[in-house]
1. Tell me, what HN-Hα J-couplings in whole Hz come from the Karplus equation 6.51 cos²θ - 1.76 cosθ + 1.60 at θ = phi - 60° for each residue of segment 105-121, using x for Gly and Pro?
2. From the backbone phi of segment 88-104, what are the Karplus-calculated ³J(HN,Hα) couplings (6.51 cos²θ - 1.76 cosθ + 1.60, θ = phi - 60°) in whole Hz, Gly and Pro given as x?
3. Work through the residues other than His110 whose Cβ is under 12 Å from its Cβ and net out their charges, Lys, Arg +1 and Asp, Glu -1.
4. I'd like the Karplus ³J(HN,Hα) series for segment 185-190: coefficients 6.51, -1.76, 1.60, θ = phi - 60°, whole numbers in Hz, and an x wherever there's a Gly or Pro.
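A short reminder: the numbers here are calculations on the coordinates, not readings from a lab. Just so it is clear, the structure is predicted and the values come from calculations on it, not from any experiment. Don't worry about glycine lacking a Cβ; one is built from the backbone with ideal geometry, like all the others, and counts go over all protein chains shown.
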Amino acid sequence: MCDLIPVTARKKKARSGGWFFKRDQERLSVLEHDAAKRAEARAARDIAEAKTAHALSAPAADKVDLSLLWAARNGSEAMVKMLLDTGKVDVDAKDYIGRTPLSWAAENGHEAVVKMLVDTDKVDVDAKDKGGRTPLWWAAANGREAVVKMLVDTGKVDFDAKDYIGQMPLSLAARNGHEAVVKMLVDTGKVDLDAKDETGQTY
């Protein structure tokens, strides 16, 4: 029968968009597929927004919000400021290895982020991770001079805090060749130069 339909009529039908509504194997039209995808995208967005809202308002016992930790770790200054301004984030929230936003920012040398965190007067500048390492330990080990100075200037750090094998900020800085950091720590007059690690080694 199709052969009896004039060619012009068949072309007109094709141009009309009739093909667009052809059912697939699941009996869904192209338009229905598209609508379903849009609905899924909206649902995913709504879920993400709900999770974010919950993370910012949920009690610490219910959920640990690591938004600030990730922002600090990546040196995202604007994001860190925005989260701190909410007044709803735990500035000392720890990840699975016990590290805090300040710990990560100190290791990576994100000076502006470290300053923002320290300036809150709410962070534990000497918080230890599960390996016994403090923000000063991480900063000294990686030669982050400006960060070391900021932490030292707080007057709240333990210069001889040991990690799980007895290594201290000064020993790590010396071992890694960070002369400026070594001098800065020694000049405080608060470092025990005779301290030994678990193997009995001194500085």
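1. With coefficients 6.51, -1.76 and 1.60, one gets 5, 5, 4, 7, x, 7, 4, 4, 5, 4, 4, 4, 5, 5, 5, 5, 6 Hz.
2. Here the 3J(HN,Hα) series is 10, 9, 7, 5, 10, 4, 10, 8, 5, 10, x, 8, 9, x, 5, 4, 5 Hz.
3. Numbers: positive: Arg73, Lys115, Arg144; negative: Glu77, Glu107, Glu111.
Value of the local net charge: 0.
4. 5, 5, 5, 5, x, 10
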